[in-house]
Amino acid sequence: FCSGCRSASVSCDLSGLRVAADCANGSASATAAKIFQKLGADVTILNDKPNGININDNCGSTHIEALGKYVKENGYDLGVAFDGDADRCLAVDDGELVDGDRLIAIFASQMKQEGHLANNTAVVTIMSNMGFFKFAEEAGIHVEKTTVGDRYVLQNMLEHGHCIGGEQSGHIIFREYMTTGDVQLTAVQ
């Protein structure tokens with residue numbers, strides 16, 4: 001595990017936060033509401049009725065436009081969109097996409113402020129956008145680049161002891177808690 005790890009992923013109260021979560025009719029459908037409710041959020045769960053063939057069907061992180069529109073039209077503070085197997089998470093803020101690169105930038109910045117950004121480094125792939133690299137340079141965060149694929153991101157993280165990494169697609173790894181992307185962990189972070 002990472003040096004300086006915290007014991008709990010999230011220990012704050014999300015009361016008053018209105019969240020719309022699109023579960024893509026996938027594996028997060030059974031648990032997302034419980035997680036957000038336990039943290040105190042006012043959550044609306046969308047696309048949480050898997051039937052064996054409707055996974056990712058015009059919903060979730062692969063079709064985030066609908067969630068963006070829903071969040072904006074209904075005044076939610078945040079929207080999170082998962083993919084069916086619950087390893088990719090994207091977000092919407094005021095209806096606008098917050099992709100994996102922006103999420104990693106937010107998380108790395110917060111981790112740095114809290115003194116938990118191991119090696120002052122975030123690991124991303126060569127497909128990350130130039131905005132991420134510019135942000136990291138301005139924030140004084142070192143960036144490791146890997147081949148495309150979350151397995152390569154994880155390999156770099158394990159070899160060098162880094163704690164945060166991922167892909168623009170929303171695969172985000174918080175190694176201090178697990179070695180794979182998990183949409184619900186990403187969403188509550």
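Defining a contact as two alpha carbons under 8 Å apart and six or more residues distant in sequence, what relative contact order in percent does the stretch 53-102 show?
Answer for the stretch 53-102 is 33 percent.
Which value in deg cm²/dmol, rounded to the nearest 500, describes the helix-derived mean residue ellipticity at 222 nm for the chain, given -39,500 (n - 2.57) per DSSP H run of n ≥ 4 and division by the residue count?
One gets -9000 deg cm²/dmol as the mean residue ellipticity at 222 nm.
I'd like the accessible area for Arg102, computed on protein heavy atoms only with a 1.4 Å probe and all protein chains in place. Round to 10 Å², please.
Number for this one is 130 Å².
Residue by residue through the stretch 29-37, which ³J(HN,Hα) values in whole Hz follow from phi under the Karplus form 6.51 cos²θ - 1.76 cosθ + 1.60 (θ = phi - 60°), with glycine and proline marked x?
So the J values, rounded to whole Hz, are 4, 7, 10, 4, 4, 4, 5, 5, 5.
Calculate the tail of P(r) for the stretch 137-189: the fraction of all Cα-Cα distances greater than 12 Å, expressed in %. Don't skip to the answer; put the middle values down first.
Working: 848 of 1378 pairs.
Value for the stretch 137-189: 62 percent of Cα pairs lie more than 12 Å apart.
Would you mind estimating how fast the chain diffuses translationally, via Stokes-Einstein at 10 °C and 1.306 mPa s with the Kirkwood radius over Cα pairs, in µm²/s?
Taking Rh from Cα pairs, D becomes 96 µm²/s.
Would you work out the charge dipole size for the chain about its Cα centre, treating the Cβ of every Lys and Arg as +1 and the Cβ of every Asp and Glu as -1, and quote it to the nearest 20 debye?
300
Quick check: convex hull over the Cα atoms of the stretch 48-122, volume per residue in Å³, rounded to an integer?
Convex hull volume per residue, Cα atoms: 105 Å³.
Using alpha carbons only, what's the Rg to Rh ratio of the stretch 94-189 with Rh from Kirkwood?
Reported Rg/Rh (Cα atoms, Kirkwood Rh): 0.92.
Given a 1.4 Å probe and the protein chains all in place, what does the accessible area of Met178 round to, in Å² to the nearest 10?
60
Put +1 on the Cβ of each Lys and Arg and -1 on the Cβ of each Asp and Glu in the stretch 135-174; which of Ala139, Gln168, Gln155 then has its Cα farthest toward the positive end of the dipole?
The residue sitting most towards the positive pole is Gln155.
Give the distance, in whole Å, between the Cα centre of the stretch 73-102 and the Cα centre of the stretch 142-186.
Here the answer is 18 Å between Cα centres.
Per residue, how big is the convex hull around the C-alpha atoms of the stretch 11-67? Give it to me in cubic angstrom, could you? Walk me through the numbers before you get to the answer.
Working: hull volume 4.3 nm³, N = 57.
Roughly 76 Å³ of hull volume per residue.
The values are calculated or read from the model by the stated rules, or taken from the named source; none is laboratory data. Source: prediction; values computed, not measured. Quick reminder, even Gly has a Cβ in these numbers, built from the backbone with ideal geometry, and neighbours come from all protein chains shown. Ligands, DNA and RNA are excluded from the accessible area calculation, which covers all protein heavy atoms including side chains. Shrake-Rupley method; radii C 1.70, N 1.55, O 1.52, S 1.80 Å.
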